[in-house]
Structure formats: C-alpha cells, structure tokens
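Heads up, the thing below is written out as structure tokens.
The values are calculated or read from the model by the stated rules, or taken from the named source; none is laboratory data. Computed from a predicted structure; not experimentally measured. Positions of Cβ are generated from backbone atoms using ideal geometry, with glycine treated the same way; all protein chains shown enter the neighbour counts. Ligands, DNA and RNA are stripped out before the accessible areas are found, and what is left, the full protein with its side chains, is counted by its heavy atoms. Shrake-Rupley method; radii C 1.70, N 1.55, O 1.52, S 1.80 Å.
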Amino acid sequence: MELQVSSGNLATWKGDGVVVNLFDGVTTLGGATGAVDQALNGLISKLVQKGDVKSKLGSITIIHTYDKLPADRVCVVGLGKAEEFTLDRARIVAAAGVKALRNSGAKNIATIIHGAGVGALDVENAAQANAEGILLGLWRFRKYHTTPDEVGALDSVTLLENDSAKLASVEAGVARGQVIANATNLAREMANEPGNVMTPTRMSEVARDIAQKCGLEFYVIDRAKAKELGMGAFFGVAQGSDEPPAMIVLRYWGAGKDAAPGLGLVGKAITFDSGGISIKPGEGMQDMKGDMAGGAATIAAMQAIAELKPKINVTGIIPATENLPSGKAYKPGDILKASNGKTIEIVNTDAEGRLVLADGLAYATQVLKLSPVVDAATLTGAMGIALGVHRTGMFSNDKPLTELLSKIGDETGERNWAMPMDAEYAEQIKSEWADIKNSGGRPAGSITAALFLKNFVGDTPWAHLDIASSVGTNSGGKENGYKNPWGNGTPTRTFVNLALALANK
Ligand code: BES
Ligand code: MN
Ligand code: ZN
C-alpha cells in the first residue's frame, strides 16, 4: 500500500476513520485533535476529563462520530509525556492508531503526524517516523493461509497536514519512510518464508531482482568458485547440503568507482540451521528457518540504499547456505581453512554461522578492501540469554563506529548494546590442532563467537551485531506497536541509516 499525503483538516476529511492524539496532562485540546473535538461538540474533552480517554503511551480509544463528522470513527491515541516523546515513540503510536482502526473494520483512514506539534520533533523526521510506524505496523505474513481471517486490510492511509507550509517536508519524510519501511518489510518477509522456499538460490534471485530494478552490481560466488577462492569455511558448512550455496554480492556505487570502496555489510544467511552432525534438539528447530535474518536485512538494506542514493559506495555480502547433516557433511574434528589462510578446528557443527561469516568477512576486508565493515548475524543463543529481545549485542574494534551505531540504534529503535571483547576470552577458542576452534563452549558464548570473527577482519574498523534473540532483536513473540513478533527485519533500518550517516560525514 502506498501512503497518501495531503493537506487538509481531519474534522472535514471524508473516510471511515481518523486518528488524533493526546499527551499526558493535556486538558485543553489543540491542533487537529482540538478541531475534531470541536466538531464533536467537545465530546473528546469531556471523555478526557472523565478519564475515559487515556493518554498513556499507545493507549487507544475509539469514538463513533454519530454523523457529527464525515468520518465514522475517531481513534484517540495516547502519546504519554510530551517531554519523553521520541521518533521511536512516533513509530509506536502511529502503528497503534492505524492498526486499531483497521481492526475495527475501517478501509480508508487518515491520521495526523504524531510528534510534529507539541512533541516538538522536526517535521520531516516525524513524518518519516510516522510513515515507518504505519507500514511496519500494518505488515503481516499471511500468504500461506488459504482461509481469510477476521482482520481485514486497509485500502488507504492518508497523512493529513493542516499547515501547507509544512507539506513539502511531510512529503519528503514520508517518501524516505516508505523506502525504509518497505525494505524492512522485505527483510521480514524473507525471514518468515519457510526454508523450502527461501533457499540460498531463492535469496540470490531476490537479490538479483533488486539489482536489476535498482541498478546495483550483482554476482554470486557459487560452490565451485568458493572452492577456487579457498573459502574452505563457507564451503565446509555447505558440504552437507544438496541445495547449492551462494555467496551473494550486491554493490552500490554512490560515490563512483574512483572513490574508496566504502562501507561493507555482511549478513549471515543460513537458510535452515539443523545444527548439522551436532544436530539441534527437535523442539523449536523450525525457528531456524530464520537463521538467514542477517542476510535478509543486508539484501533489503541494499535496496533502500539504492533507492535513497547516498553519496557513498556500499557493498552487501551474503554468505547463504543450509546447515544439514548428511554423508557429505562436515564433522566435529574436521579442520577447515578459510580464505585468509587461517585454519579452524570444528568442535561443533552447530557453530556454523561464524564459519560462513569468516569467509564473508575476509572477502569484504581482504579482497574488496571495504571499510568500515558491519556484520549482522543470528549467531548465538547465548545473546538472547544475555540481552533478551530488546537489544542487539554489538561487538566492535572501533570506538567511533560503536558510538555511531549506538546513536543510530536509539533513533531507529533497533537498539544496540556494546559488549566486551577482552583478549582473555580468546583463550577459550585456542585449538590444539589448528589456529582456532569454532566453539569456546557455553561461558560467554557470544563473546567468544565475536572474538572468532575478529580473526577475519584484520585492522579494518568493524562491528558485529548478534541479532540472535528470537531470530531478530525486538521480536520476542509479542506484538508491540510497529514491531513484529517474529522476524522483525532488524537491523535493516540500522544499515540504511549507517550508510546515510557515513555519506554525510
Ligand atoms: N543459529 C544459531 C543461533 C541461534 C539460536 C539463533 C537461537 C537464534 C535463536 C547458531 O548457529 C548456533 O547454533 N549457535 C550455537 C553455538 C554453539 C554451538 C557454540 C548456540 O548458540 O548454541
Ligand atoms: Mn547453528
Ligand atoms: Zn545458525
């Protein structure tokens, strides 16, 4: 669905429903909420006074207009405290409002832009955040249900701006928000697709179609080529699967080929992780169809970057393969050699993500000379134990990059938390038989995984985002505003904003 932007007044807008809002402590309603209140002869003010309309963040009250307004329903969304309002809260409440009207059966609705008035946010940024919240919040994955469900779909959402002087800013913000939200929803869709559909080949087709549509350079390093390039770690994981593996490469040349190679984004894409010979327990194994969420976010971010056209070069690298047990599969005790020459003793075939990333990162840093490099991976179950679902674990060898990603995380709502990487932890991945081994055991499992990856980036400024919690941070099985309960698209928006931030440096 395309969002509409238009100038006008919610009180006279013709459609099924309109969304207005209420901050804590407000008794005299102003702006669009005030205009709607007046049209309703002060009904909203009265209900606020009586405590029937609540201002708590995300709270919803639906009022029928009884023909006092052209629209049938008014939805009042609580915004919480004005001084605590942020761009991310704008996403949350924008999603809450349109979802409530959709669930009430409305088809054509209009909303004000939350946060641009009393919330004191910059109009363009607020419009972007509202657009993102609406599109992310309305997204659902129902394509494999053959029976209809009770929740219908909206036909149109219009963002109404009263002040025509602000219209251009609103349009620019909404346009940017749509690009970013559509990319995030693409990442969600890929992660939600089952493993029999979203194979490495299918992922490379998605990437190829984006490349053709958006004018990106695209190529795939297949099984034979990976072997030729000495990508023994990636190749080793792919060995047990009949599905052809694909190291997918997407390149955006926004600064031109004479400029620095630019930003590298690397995303783990295990399209199904059974654990391999070190097979996982059956319970919950189905979630491992989402073990390609980092790769999906990388492909999706490349689409948004190509559409937003920042003046920077960006390359996405997506090592994609299944991890399955078979007569050809790699085994505990095997020793693999990565493309940077390092040897790896396999002690657990379920620690496969770091192996495919090893060759992805070496390719990014040594062959393509990308800098900085950021990877995203559903890497360790231990990450979910450490931080739960609300933050991504961030590991980095570079302070400015850490600080930038922290800031971007706060703004996007894809929050990161800087984790330690003290050298002492690396003792755990020393091997008797090779340079390193692929698991350091259970203690500090996310940290030893990050230290493993450090062997493949050299001196390049690098950050690793462990998004394993519930297959994509911010999910956690619960619907929360614009966040999706499973496969949330994290860190698509972080990647896009990182490219934009580095281009503006
Ligand atoms: N893909 C998993 C990590 C994971 C677990 C992601 C749960 C999302 C939810 C990864 O490949 C894995 O199996 N990691 C092992 C590492 C261990 C064998 C050292 C783990 O976390 O148990
Ligand atoms: Mn695994
Ligand atoms: Zn995995």
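A few comments on the model shown:
- The alpha-carbon of LYS166 sits under 18 angstrom from the alpha-carbons of these aspartates and glutamates, leaving out residues fewer than 8 places away in its chain: ASP122, GLU124.
- Rounded to the nearest 10 degrees, the angle from helix 167-192 to the longest Cα principal axis of the chain is 40 degrees.
- Of GLU322, GLU414, GLU217, the order by accessible heavy-atom surface (1.4 Å probe, DNA, RNA and ligands excluded), from most exposed downward, is GLU217, GLU322, GLU414.
- Rounded, prolate or oblate (a/c below 1.5 giving rounded, otherwise prolate when a/b exceeds b/c) for segment 181-504 by Cα gyration tensor: rounded
- The listed residues TRP417, TRP253 rank as TRP417, TRP253 when sorted by accessible area, largest first, using a 1.4 Å probe.
- SER371, SER164, ranked by accessible area, largest first (probe 1.4 Å): SER164, SER371
- Within straight-line cross-link reach of LYS430, lysines at Cα separation under 22 Å, skipping those fewer than 8 residues along the same chain: LYS331, LYS337, LYS342, LYS454
- Multiplying the residue separation of GLU283 and ASP410 by 0.36 nm and subtracting their alpha-carbon distance yields 42.3 nm.
- Relative to the longest principal axis of the Cα atoms of the chain, the long axis of helix 399-412 makes an angle of roughly 40 degrees.
- Ligands, DNA and RNA excluded, the heavy atoms of GLU228 present near 140 Å² of accessible surface to a 1.4 Å solvent probe.
- Tilt relative to the chain, helix 123-138 - C-alpha long axis, 0 to 90 degrees, to 10: 70 degrees
- Extension gain for THR146-THR12 works out to 44.3 nm (0.36 nm per residue, less the C-alpha to C-alpha distance).
- For GLU171 and LYS309, a Förster radius of 22 Å and the Cβ-Cβ distance give a FRET efficiency of 0.80, rounded to the nearest 0.05.
- Using θ = phi - 60° and Karplus 6.51 cos²θ - 1.76 cosθ + 1.60, couplings along segment 238-243 (whole Hz; Gly, Pro as x): 6, 4, x, 10, 7, 5
- Extension gain for MET1-LYS227 works out to 77.0 nm (0.36 nm per residue, less the C-alpha to C-alpha distance).
- Segment 242-272 versus segment 442-459: alpha-carbon centroid distance in Å: 21 Å
- Counted by Cβ distance under 12 Å from ALA377, the other residues give a net charge of -3, where Lys and Arg count +1 and Asp and Glu count -1.
- Cα-based shape type of segment 134-196, given that a ≥ b ≥ c are square roots of the gyration tensor eigenvalues and the cut on a/c is 1.5: oblate
- Förster-model FRET efficiency, 45 Å R0, TYR425 and ASN103, C-beta, rounded to 0.05: 0.40
- Annotation for VAL197 and ALA120: the two label points, set 7 Å from Cα along the Cα-Cβ direction, are 4.7 nm apart.
- Cα gyration tensor category, rounded, prolate or oblate, for segment 158-244 with a/c compared to 1.5: prolate
- Each part gets one Cα centre, and for segment 215-230 versus segment 134-211 those centres are 29 Å apart.
- Averaged per residue, segment 385-442 has 57 square angstrom of accessible surface, using a 1.4 angstrom probe with ligands and nucleic acids left out.
- Theoretical ellipticity at 222 nm over the chain - DSSP helices of four or more residues, -39500 (n - 2.57) apiece, nearest 500: -10500 deg cm²/dmol
- Carbon plus sulfur fraction of accessible area for the chain, probe 1.4 Å, in percent: 50 percent
- FRET efficiency for GLN366 and ARG208, using Cβ-Cβ distance with R0 set to 35 Å, rounded to 0.05: 0.90
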